[in-house]
Amino acid sequence: MSSPVNRPLMAAAALGMVVTFGAGWAVGHSGDDEKNSAERTVATPAPVMPPTPAPTESSSTDGSGDAMEYEQLDDGSGEEVGTAAARAKLPAVNKWKKAPIGVFTCPKATVKVATSDQLQKALDTAEPGASIQLADGLYNGEFRTTRDGSAAKPIYLCGSRNAVIDAGAIKGGYALHFDGATNWRVDGFTVRNGQKGVMVDRGRGIGLQNLLVERIGDEAVHLRTSSRRNVVRGLTIRDTGNRKPKFGEGIYIGTAESNWCEYTDCKPDPSNDNFILNNRISGTTAENVDIKEGTSGGVLNGNRFDGSAMTEGDSWVDVKGNGWLISGNIGVDSRADGYKVIEILDGWGWRNLFSANRSTVRGNGYAINVTKRHSGNVVRCNNTARNAGEGASTVKCRK
């Protein structure tokens, strides 16, 4: 959850108007909360970038020859910046194409399960290359695995939406927990009625695909404690925060600084290089996505956000990490902002890139609210905003 941030006073954007973040309209403000505004221009929304991923490594250019991924920006304030900020790199605008795990198809089952006991046994004994198939039906309980697949032979866990993992209580534990497990491919089934839905701790190379995660006490999906290079793709997430609304995020990446001593030896949680792609998130009481301080280099692309159920969050996405690409997303209905970038801890919330996002805010904030101006965050002029009460962005856009 983000803390409230004081906003500069600003004339409200006309409701129903779609605006690009062009130089002729962009709004900026200085450190003493003064602002300047210019004429607004009307334009049609920018197209969303195609969501087709490729399981290859990230490129250093944006397709035009500009080495955006490695561009280092001066904060412009003349002051020294924190170590984390100094290391942060602006991501390539096409990094969304370079997901470490591509779209996958579940292979023929090597293990078929139909009961809770059979499922837990399969999770306890899975070897690289195994393919676990869930029969349709109800799997009551909390399920956990520590098993490793390999990059060449991942472990598959697959079922239809009618195969339902049900943890039984929104005040319980984790419905499905990958605890130090690596190289899994998880597809298709339903997860519900846990305090948390899918938890990944110290997970590497895990692909979560096409799941339905619903009726959750706190957050639906959480990547935590150095979970890296995982892909969350095509999930439907809804109805979270039933235990405590302030913890009801859809997808939560990393660990809040207040919990670092509990989970990461009082150091930042480097849950880095995770890709959050093409998910549909609604019915969350807190943010649809919360990107925590300490995380770097991730991608948030092609998602659809709906903030109409938020009672605690004030933006679809809180960005407190560094070097994230936030691109090609569509958002509707927020209490305040569409996206909010926050330096909650010195040197974090830096050098993130916003490109080709389409925002219908219907709230009293900004489409993209960068709360610390001199933080190297870049808002491209191809973002569009509708019904954002305070305007499109707090920073001038860049082409």
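Derivation of every value follows stated rules applied to the coordinates shown; laboratory data play no part. Quick caveat: nothing in here was measured; it's all calculated off a predicted structure. Ideal geometry is used to build each Cβ from the backbone, glycine not excepted, and the neighbour counts take in all protein chains shown.
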Calc'd 3J(HN,Hα), the stretch 239-252, phi into Karplus 6.51 cos²θ - 1.76 cosθ + 1.60 (θ = phi - 60°), Hz, glycine/Pro = x, comes to 6, 10, x, 6, 8, 9, x, 5, 9, x, 5, x, 10, 10
Can you put Tyr252, Tyr263 in order, fewest other beta carbons within 10 Å first?
Tyr263, Tyr252
PRE reach from Lys244 (point 7 Å along Cα→Cβ): which of the stretch 201-237 fall under 11 Å by backbone N?
218-219
What pairs from Lys98/Lys267; Lys171/Lys246; Lys196/Lys246; Lys98/Lys340; Lys95/Lys153; Lys171/Lys196 go past 18 Å between their alpha carbons?
Lys98/Lys267; Lys98/Lys340; Lys95/Lys153
Net length gained if the chain between Asp179 and Thr125 were fully extended (0.36 nm per residue, minus Cα distance)
18.0 nm
Separation of the Ala169 and Thr115 label points, Cα + 7 Å toward Cβ, nm:
2.4
Could you calculate the FRET efficiency of Thr146 with Arg87 from 1/(1 + (r/R0)^6), where r is the beta carbon distance between them and R0 is 51 Å, rounded to 0.05?
0.95
